[in-house]
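Okay, structure first, notes after.
No value in this document is a laboratory result; all are computed from the given coordinates. None of these values were measured; they are calculated from a predicted model. Cβ atoms come from the backbone with ideal geometry, glycine included; neighbour counts cover every protein chain shown.
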Amino acid sequence: MNPVNALRYHWNVNVLGPAVLRLQRWQAERRPARWDTRYLAPPLRIAPRTKELVARHWLAGRYANGYRKVAWVTSGAPVELLKALDFYVLYPENHAAICGTARLAVDIASEAESAGYSRDLCSYARTDIGAALSGKTPVGRLPKPDVLFACTNICQTVLFWYRVLAEYFGAPLVLIDTPFVYTEEAAGHAVRYVRRQLEEAVPVLERIAGKRLDERKLRQVGLLSKRASELWLEILQRCRHRPAPISVFDQFIQMAPIVEMRGDPETVDFYAALLKEVDERIAAGVGAVKNERKRVLWDNLPIWYRLRYLAEFLARHGVAVVASTYTNAWGELAPLIDPDDLWESMARTYIYPILNRGTGHKLKTMRQMVEEYGLDGAILHSDRSCKPYSIGQMDQRDRLIRELGVPALLLEADHNDYRVFAEEQVATRLAAFVEMLG
Amino acid sequence: MESAPTIPSRTATIRAWKESGGGIAAVLPIHYPRALLRAFGLLPVEVWGPPRVDPAPGAAHLQPYVCSIVGNALSFLLKDGLDVADVIVVPHACDSLQGLGSLLLDFVRPRQPVFPLYLPRGRRESDRQFLADECRALYGKLAAITGRAPSEEELLESIRREEEADGLLAELHHRRRALSLTDLAFYRLVRAREYLPAEEFSALARSVLDTPPADPRTGIPILLSGIVPEPMALLDAINEMGGTVVADDLACCGRRLYPPGVSGDPFRRMAERILDGPPDPTRGSPITERLQHLVRTARETGARGVVFYDVKFCEPELFDLPLLRRGLQEAGLPSVHVEVDLNDPLSGQTLTRIEAFLEMVAGQTEEARR
Ligand code: SF4
Ligand code: SF4
């Protein structure tokens, strides 16, 4: 390691950066709410801290090259291995979501489109490839990857996308292929296959990291990962309470650490604090939507560039979006992680995310949520550039209506590309949906 | 030049097979162990769409941003097009085929059993072991529904039969320029591999290969890449515009020229054959490997340009395209990209683009000669 890089990293990430971020947090804590508090609860007190935590993560990334090894990973990847080997871990999907929320995604994706990447491809992938090609990013600078770590448990798209990144960066691609679980149980040979790949990945990652994997450290990371996921699940489950203390839109914003900082002690502390605040809201009778009349489910990715619009529109009509198959995905597998049998439990945990399971399983999850959260309806975001999440929604919607008698809306949009968001059409459809809710 | 062989139709083949007491396995794209199905007396009949079906039934289950290969397969099934099948096999290739397999199992539930088959995305030892296990698991499912249990020797015999047919298929591809067939006739012949029993295909291929060689075909030589050359009138149109397809990297053809296996274990050998096939994005082949394969194939066959003929909304193709086109350009091979929907007739716009491309390639060739 070059001592100049180490000094630069330490100074910026551990001394100067945190001071600046603390100041920004202090300012943010005093800023008036941006979302309409006539219908929505005041922002969570923890929100500026979330921003600080996330900003610090990206700041560390900015100075990582030359000091720490960097891995670019997919959102459902077994990150514990990388954390235990001290990689700086970057999630291109999270970066793309930040670009989406800041409404920069289309500008950045256009860079990829000009290079020939079709507008029919996943808009996260386009945003990320665009950022790699142009250097454009709202987080300062993205570190170059020393390794690309892709796990197919969210989609096959990530494999196609990471193969492109491998060419641009000349970085090795480590693949953890997780056979799709069509039926209730994954086949034994599929779990064995995932486990073998995890074990095979170790020497490759060790070589890149320049160090040996310490099993004790891996266990520690596994414990932290499990604890953070449990806390996240508890927070989500608090929304069974009426009125729901936070909405799914809050969850979308608060989920960044569970995705990109799973396995860090700060993440556990952060979610413990969030849970405490959520409980305080419950004790004080505060609901995320001031006049909660109806409670609905959100399926699929967020529409990042219209979070506020959707939250306010629905809240105006007393509709609280309180449960989501998406945010649930980072909590529901917590019980599967077993730090005492890490390798086997990692193989199982990482084969079972909702996106790696059948369309019938997703319907089952939605049904369960309707019952457990006392839901009156469902919004299924039909996400134009995310096929794995969207295929099946037409049948799922029909079954929700037919079998549970709840109104269900298929809302056409895209998670990051606002060019396919037809504002008027969305407003009309949402209004009709709200009317059906009664 | 035309001396096209008589190829039994899909319908006639299916009827004859059924009459002889065999069953039919309707198989979706792309890679699967033919030999395994045949060992159970099931004739694999592939479903690449098919083109030009009423898309309405499928549209009740699938959003319009799903490719027409998947949409049409579902529409065809819902319109009883797969009634003749005794089992449906859905290999995994992409998010859309994954979704289709899952929809069939959970919601559509056709009367036939549906067997998905997961395809690993690497060529590591773990991938080989997994695919062998996956084939073994499919064996178990087929045994349960057919009541048969082919022996190891029967499985190996079935594999050898397919290997022979694939060897002849590769030979046809290799000698295509010297065969007295138009592009349309050639693709009708090689695509008969999608439904003919291997031994019948082998006999047909042999008869064509044994025909005395014709004068090598003339025309601007191009390489055709993509999923499937539909509508097949495209091929005649290319010939009429002065082009000739001298090689392909089509998912239904050139990407399935599987080499013979080596292992004595039948399941392992089925896996080897699939994983050792030519580069394919749906098997996770690195883009560089695909590029090298395209350049090498073009050099060997004399192709002077590449037509990427893709099905709309096909991620595996679309992700690789920019780097492939850039790499080809650097290697002196121009390319053009067109996208089609299987339900659309061959459009004037598509033809105009291909024609303009052929003219450009011809111009370059002319210039180089001068
Ligand atoms: S948005 Fe969908 S297609 Fe894109 S990476 Fe995520 S799961 Fe895959
Ligand atoms: S055309 Fe492409 S997206 Fe459609 S099934 Fe084939 S590989 Fe998948």
| field | Anisotropy class of chain B from Cα gyration tensor, a/c 1.5 cut | value | prolate
| message | Strictly over 30 Å apart at the Cα level, which of A:83/A:294; A:51/A:226; A:226/A:364 would you flag in this model? | response | A:83/A:294
| remark: Net charge (Lys, Arg +1; Asp, Glu -1) of residues whose beta-carbon lies under 13 Å from that of residue A:234, residue A:234 excluded, is +1
| request: For an R0 of 51 angstrom, estimate the FRET efficiency from the Cβ-Cβ distance between residue A:219 and residue B:20 and round to the nearest 0.05. | output: 0.25
| message | On alpha carbon coordinates alone, what is the Rg over Rh value for chain A, Rh being the Kirkwood radius? | response | 0.95
| message | From the convex hull of the Cα coordinates of the stretch A:224-290, what is the mean projected area in square nanometres? | response | 3.9
| In Å, the Kirkwood hydrodynamic radius of the stretch B:216-369 over pairs of distinct alpha carbons? | 16.3
| message | Distances longer than 18 Å among the Cα atoms of the stretch B:134-178: what percent of all pairs is that? | response | 49
| message | Modelling each spin label as a point 7 Å along the Cα-to-Cβ direction, I'd like the residue B:263/residue B:144 distance in nm, to one decimal. | response | 2.3
| message | Using Stokes-Einstein with the Kirkwood hydrodynamic radius over Cα pairs, what translational diffusion coefficient do you get for the protein assembly as shown at 20 °C and a viscosity of 1.002 mPa s, in µm²/s rounded to a whole number? | response | 76
| said: Taking each residue in B:87-99, count the Cβ atoms of any other chain within 10 Å of its Cβ, then average. What number comes out? | reply: 4
| field | For residues of B:109-119, the mean tally of beta carbons on other chains within 10 Å | value | 2
| query | Cα convex hull of the stretch B:120-159: how many Å³ per residue? | reply | 75
| task | State the three equivalent ellipsoid semi-axes of the stretch B:284-370, derived from the C-alpha gyration tensor as the square roots of 5 times its eigenvalues, in descending order and whole Å. | result | 22, 20, 9
| field | Förster radius 22 Å - calculated FRET efficiency between residue A:312 and residue A:272, Cβ distance, rounded to 0.05 | value | 0.15
| note | Taking A:399-405, B:273-279 and ranking on average Cβ neighbours within 10 Å, highest first, one gets B:273-279, A:399-405
| query | Which chymotrypsin sites (Phe, Trp or Tyr not before Pro) does the stretch A:1-43 hold that lie in a coil by DSSP with at most 11 other beta carbons within 10 Å? | reply | none
| Under a point spin-label approximation (7 Å from Cα along Cα-to-Cβ), what is the residue B:160-residue B:54 distance to one decimal in nm? | 4.9
| Quick one: length gained pulling residue A:12 to residue A:184 fully straight, 0.36 nm per residue minus the C-alpha distance? | 57.1 nm
| task | For the stretch A:369-417, would you read off the P(r) tail past 19 Å as a percentage of all alpha carbon pairs? | result | 28
| task | Report, as an integer, the average count of C-beta atoms from other chains found within 10 Å of each Cβ along A:177-187. | result | 5
| Peptide ranges B:245-257, A:333-345 listed from the most packed, as the mean C-beta count within 10 angstrom indicates | B:245-257, A:333-345
| field | Using a Förster distance of 25 Å, the FRET efficiency for residue B:11-residue B:236 (Cβ separation, nearest 0.05) | value | 0.65
